[in-house]
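The values are calculated or read from the model by the stated rules, or taken from the named source; none is laboratory data. Being a predicted model, the structure only gives us computed values, none of them experimental. With ideal geometry, Cβ positions are generated from the backbone for all residues, glycine too; neighbour counts draw on all protein chains shown. These area figures cover heavy atoms from the full protein model, side chains too; ligands, DNA and RNA do not enter into them. Shrake-Rupley method; radii C 1.70, N 1.55, O 1.52, S 1.80 Å.
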Amino acid sequence: MPFKSTDENITGGKDFPDLYYEEDNLVSLTIDRQKVRVEKGMTILEAARWMGIKIPTLCYHEGLTPWGGCRLCVVEVIKRGRSKLEASCTYPVAEGIQVKTNSEKVQKTRRMIVELLISSCPNSRTLQDLASGMGITEIRFKMEDNDCILCGLCVRMCKEQMMSGGIGFINRGAKREVSTPFHKSSEICRGCGACMYICPVVTLQCRGRREPGDLCNACINVCPTDFGF
Amino acid sequence: MDIDKIIDENKGLKIPLIPVLLKIQEIEGFLSESTIRHVSRRLSIPLSQVFGVATFYSAFNLKPSGVNKICLCEGTACHVKGSTRIREKLERILGVKPGETTKDGIFTFTTINCMGACAMGPIMKIGTEYFGKMTPGKVDSIIKEYISP
Ligand code: SF4
Ligand code: SF4
Ligand code: FES
């Protein structure tokens, strides 16, 4: 315990318990070959972002409970010599683990995840931007036209920040969807619009050239002046 | 009311929702919209959450079911052994698709992903009675027995 109180009146003779990190409250791990010590209970994502390492996320939001639904935030976690792909937004930091946030395996998996997501909702700008940002120029899957990727942001937003609970997940497996109870308009929904604000699919499309349902790629293919900004 | 009694008895549980819904369904046969609304109010759980749980588990029915519940296994083993043909036959003679109840209210036809009796596949269950090693030919006589006992 490095910090001792000098003024008995302020702390009642105790050490500063909350103001400073206590030694036994820290774990050390390696993220992208850098050794760090972070607080117990943090997730790998939080630790990495705190170090300034970028990890793309989709179903994660600072103000909401981590959900682990989209798997976009995968990282390689090496523990006792074994490497596993894990969702960093839900994986708590642990002593001695080694994390690779951008290995080849991770990149490959992330590209696959973006391809799968975009093939289900090609009209989402958030997803199109992600794909362009990662340099994905081809989708190996059949394009569908859904309007939800089941990221659960809206459900958590409604419940945790709006204190409402007007919408929820219903059914299971391929029939899973977000809906109001009994598909009728909910009595407790206030119409605040927070669910739409946070939804990655309800984003206005940009002005890139494309047919509906295609991979856009305007950001990487089209001359910027073509956007007409 | 019975439902209120069930809710009061289970209120102390850490997660009372599923036991409450199961017990109500035992008595009423299915979970009606008004029941679900009532449970949500009494347990102070958002309706969307109660509805989500009730639609997630295949153990809950949201529609009234028939007197006899026919359940056909469509697991891997039963599928390989020809459960599809039995399903088609059942659909034809009952005139309903899986998950539906016949108009006369005698049968509810459902399918399941595994009954855990693969050695006896294709297997079908009516009420609590099991019919193993089913063939489309056996379907007629079995159904007839239930229509006119
Ligand atoms: S608009 Fe309704 S459903 Fe959406 S977050 Fe607000 S209260 Fe919830
Ligand atoms: S509606 Fe939007 S926010 Fe809600 S689960 Fe679907 S994609 Fe996510
Ligand atoms: S952001 Fe981690 S799983 Fe979606």
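Observations
- A compact globular protein would have a Cα radius of gyration near 2.2 N^0.38 Å; the ratio found for the range A:153-198 is 1.10.
- Using the Cβ of A:Val155 as centre and a radius below 12 Å, the other residues enclosed give a net charge of +1, where K and R count +1 and D and E count -1.
- Note that chain B presents 56 Å² accessible area per residue, ligands and nucleic acids not counted, probe 1.4 Å.
- Selection from A:Val38, A:Ser83, A:Met196 lying farthest towards where the dipole of chain A points positive, charges on Cβ: A:Ser83
- Note that chain A carries a Kirkwood radius of 20.5 Å, evaluated over its alpha carbons pair by pair.
- Axis angle, to the nearest 10 degrees, between helix A:104-120 and the longest C-alpha principal axis of chain A: 40 degrees.
- Pairs of Cα atoms nearer than 8 Å and 6+ residues apart set the relative contact order; for chain B it is 20 percent.
- Across chain B: Cys residues that no other cysteine approaches within a C-beta distance under 4.7 Å: B:Cys71, B:Cys114, B:Cys118
- Taking every lysine pair in the range B:1-134 that is 8 or more places apart or spans two chains, those with Cα atoms closer than 14 Å amount to 9.
- Within the range A:23-135: Cβ-based charge dipole about Cα centre, in debye rounded to nearest 20 (Lys, Arg +1; Asp, Glu -1): 420
- Using Cβ point charges alone (K and R +1, D and E -1), the dipole size of the protein assembly as shown about the Cα centre works out to roughly 1140 debye.
- Interface residues, the range A:172-196 - accessible area loss of 50 Å² or more versus chain alone, probe 1.4 Å: A:Arg172, A:Pro181, A:Phe182
- Neighbourhood charge, 11 Å Cβ-Cβ cut-off, centred on B:Gly95 and excluding it, Lys, Arg +1 and Asp, Glu -1: 0
- Cα-based shape type of the range B:3-56, given that a ≥ b ≥ c are square roots of the gyration tensor eigenvalues and the cut on a/c is 1.5: rounded
- Surrounding net charge for B:Leu13, when Lys and Arg each add one and Asp and Glu each subtract one, Cβ distance under 14 Å: +2
- Charge dipole (Cα centre; +1 on Lys/Arg Cβ, -1 on Asp/Glu Cβ; no other charges) of chain B amounts to roughly 340 debye.
- Residue-normalised accessible area of the range A:153-198, given per residue in Å² at a 1.4 Å probe: 59
- Shape category assigned to the range A:17-101 from the gyration tensor of Cα positions, a/c cut at 1.5: oblate
- Between B and A, buried accessible area from a 1.4 angstrom probe totals roughly 1200 Å², ignoring ligands, DNA and RNA.
- Accessible carbon and sulfur surface of the protein assembly as shown relative to its total accessible area, %, 1.4 Å: 53
- Per residue convex hull volume, Cα atoms of chain B, in Å³: 130
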